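Below is one structure, written out as structure tokens; comments come after it.
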């Protein structure tokens with residue numbers, strides 16, 4: 001009889017031990033912060049070309065900061081004239097198009113996007129003195 005109690009006790013202990021070895025992972029799944037973490041930075045103009053002409057000096061105050069928090073992708077842009085605009089941004093799945101939506105609902109689309117930790121490049125179609133022009137930006141961390 002004593003042997004039966006010991007066997008039952010051992011069975012209970014083993015059962016409890018196995019129960020505590022639950023394979024369920026209660027850690028939350030990692031969340032993706034962005035499609036390219038290198039973009040999350042403050043950038044300044046290194047070179048700005050308008051139809052092959054270097055106009056970098058006109059962009060001395062140009063800064064753009066990309067951030068992401070709680071799933072919200074935001075930016076702050078200080079234009080070449082010194083005004084600041086804010087809004088949200090979206091990077092295309094293939095990471096070649098960046099769309100900024102300003103707080104007033106206006107959208108800016110940058111194409112030919114190339115992102116690394118040390119450089120951000122894109123092309124923007126802007127209205128110049130002679131109409132629409134293509135402006136190529138090369139930015140570096142500020």
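Inside region 93-118, residues that are under 19 Å from residue 80 (Cβ atoms) and in contact with a helix residue (DSSP H, G or I) (Cβ under 9 Å, 6 or more places away or on another chain) make up a count of 1.
This table checks each residue for (1) touching a residue at least 40 places away in the same chain (Cβ under 8 Å); (2) loosely packed, with under 14 Cβ neighbours inside 10 Å; (3) closer than 27 Å to residue 131 by Cα.
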| residue | (1), (2), (3) |
| --- | --- |
| 46 | yes, no, yes |
| 50 | yes, no, yes |
| 66 | no, no, no |
| 69 | no, yes, no |
| 73 | no, no, no |
| 81 | no, yes, yes |
| 93 | yes, yes, no |
| 96 | no, no, yes |
| 100 | no, no, yes |
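The single condition among (1) under 17 Å from residue 99 (Cβ atoms); (2) out of contact with any helix residue (DSSP H, G or I) (no Cβ under 8 Å at 6 or more places or on another chain); (3) in contact (Cβ under 8 Å) with a residue 24 or more places away in the chain that residue 42 does not meet is (1).
In region 15-36 there is no residue that is at pLDDT below 95, within 17 Å of residue 142 (Cα to Cα) and surrounded by 13 or more Cβ atoms within 10 Å (Cβ to Cβ).
The values are calculated or read from the model by the stated rules, or taken from the named source; none is laboratory data. Note that the structure is a prediction, hence the values are computed from the model and not measured. Heads up, the Cβs are rebuilt from the backbone with ideal geometry, glycines too, and the neighbour counts pull from every protein chain shown.
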